[in-house]
Amino acid sequence: MNTTWGASARPRSPGARGLDWLEAAVLRALTLVVLLSAPAAVLVGLEFHAERSAAIAHQIATRYPATAVLLADASAAGTAVETPASWVTAGGLAREGTVLAAQRTPAGTRVPIWLDEHDDPVTPPEAPSNAVVAAVAITVLGWLGVVGLCGLCRLLLADSLAKVPRRREERPHSRHRSRH
């Protein structure tokens, strides 16, 4: 039986085999899995968006921009290198540590940095749109993964059933060849 996704709830041929009925049932089940996985993928995406948005909101609330002054030349290794620097915190305290600076940046150069709630250098906060992009990607890729697995199951089923002869007379007659 050669059916498409959910095209038939039961085999139409009056000579349908039990395997044809099994194939139809499996196709119905796979179609149901694909359909039900779409809202499940959306729920996973919404949950991820909520978590990522909360993390980004925390970054925005606890990080602030500052300016550091390099205390040494940035070495030539890499595009951005950790370089000794000093900066003033939001509370007016002078701090020293390492910050990322472009290679070959001379000592005394002022570089923009971001500081966390402990006044330590960190990466800038993520853009809120990153949560949306990541959630959409997770939703779509998750659902496509389910669709792909169901498609693979469909192909494997069709391949397996194609190897099963339809009737006894279709089986190869290797033992009963005539000798005329």
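Annotation: Ile113 fulfils all but one of (1) within 26 Å of Leu46 (Cα to Cα); (2) in contact (Cβ under 8 Å) with a residue 12 or more places away in the chain; the unmet one is (1). Suppose the filter is exposed (fewer than 14 other Cβ atoms within 10 Å of the Cβ) and in a loop (DSSP other than H, G, I, E, B); does Pro106 pass it? Answer is yes for this residue.
Listed here are the residues, each with its yes/no results for (1) open to solvent by less than 40 Å² (accessible area, probe 1.4 Å); (2) at pLDDT 90 or above; (3) outside any loop (DSSP other than H, G, I, E, B).
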position	(1), (2), (3)
Val69	no, yes, yes
Gly91	no, yes, no
Ile113	yes, yes, yes
Gly151	yes, yes, yes
Glu169	no, no, yes
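The rows are residues; the columns are (1) in contact with a strand residue (DSSP E or B) (Cβ under 6 Å, 6 or more places away or on another chain); (2) at positive phi; (3) basic (Lys, Arg).
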| site | (1), (2), (3) |
| --- | --- |
| Leu100 | yes, no, no |
| Gly108 | no, yes, no |
| Glu117 | no, no, no |
| Pro121 | yes, no, no |
| Pro125 | no, no, no |
| Ala131 | no, no, no |
| Leu141 | no, no, no |
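Among residues of region 121-143 being without any contact (Cβ under 8 Å) to a residue 24 or more places away in the chain and under 27 Å from Ala61 (Cα atoms), the one that is least open to solvent (accessible area, probe 1.4 Å) is Ala137.
Scanning region 115-133 for residues that are outside any helix (DSSP H, G or I) and either more than 23 Å from the chain's Cα centre (by Cα) or farther than 15 Å from Pro65 by Cα (or both) returns Leu115, Asp116, Glu117, His118, Asp119, Asp120, Pro121, Val122, Thr123, Pro124, Pro128.
The values are calculated or read from the model by the stated rules, or taken from the named source; none is laboratory data. Keep in mind that this is a model prediction, so the values were computed, not measured. Every residue, glycine as well, gets a Cβ built from its backbone with ideal geometry; the counts of neighbours run over all protein chains shown. Side chains are part of the model used for accessible areas, which takes the heavy atoms of the whole protein and leaves out ligands, DNA and RNA. Shrake-Rupley method; radii C 1.70, N 1.55, O 1.52, S 1.80 Å.
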